[in-house]
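The values are calculated or read from the model by the stated rules, or taken from the named source; none is laboratory data. Keep in mind it's a predicted model, so treat the numbers as computed, not measured. Neighbour counts are summed over all protein chains in view; Cβ atoms, including those assigned to glycine, are modelled from backbone coordinates with ideal geometry.
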């Protein structure tokens, strides 16, 4: 390869590497580095969704703490009463 062609080729490789490194695509559900789903992130997002749906009747903080404590092993489903029962309260003031 001649010198100008080599320089253009190296510049192209550096530009592509820069673009790949700085891409900010964030798919949902988010994927971790090993190709699996970010289970704790999904769990936390579900806690936030249930908090929006149920308001003061849902203990969002407790839900989030359980996501972290149990590493997302039990993911709350806002439409499944059994999965969110530990986080519901009667909101007595």
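Residues that are within 19 Å of residue 45 (Cβ to Cβ) and in a helix (DSSP H, G or I) within the range 78-93 comprise 83, 84, 86, 87, listed in sequence order. If the condition is being more than 16 Å from the chain's Cα centre (by Cα) and crowded, with 18+ Cβ neighbours inside 10 Å, then the range 37-65 contributes 51, 58, 59, 60. Taking the conditions exactly as written (crowded, with 16+ Cβ neighbours inside 10 Å, in contact with a strand residue (DSSP E or B) (Cβ under 9 Å, 6 or more places away or on another chain) and modelled with pLDDT of 90 or more), does residue 78 satisfy them or not? Against the criterion (crowded, with 16+ Cβ neighbours inside 10 Å, in contact with a strand residue (DSSP E or B) (Cβ under 9 Å, 6 or more places away or on another chain) and modelled with pLDDT of 90 or more), residue 78 qualifies. Scanning the range 42-77 for residues that are assigned to a loop (DSSP other than H, G, I, E, B) and on the phi < 0 side of the Ramachandran plot yields 59, 70, 73, 74, 75, 76, 77.
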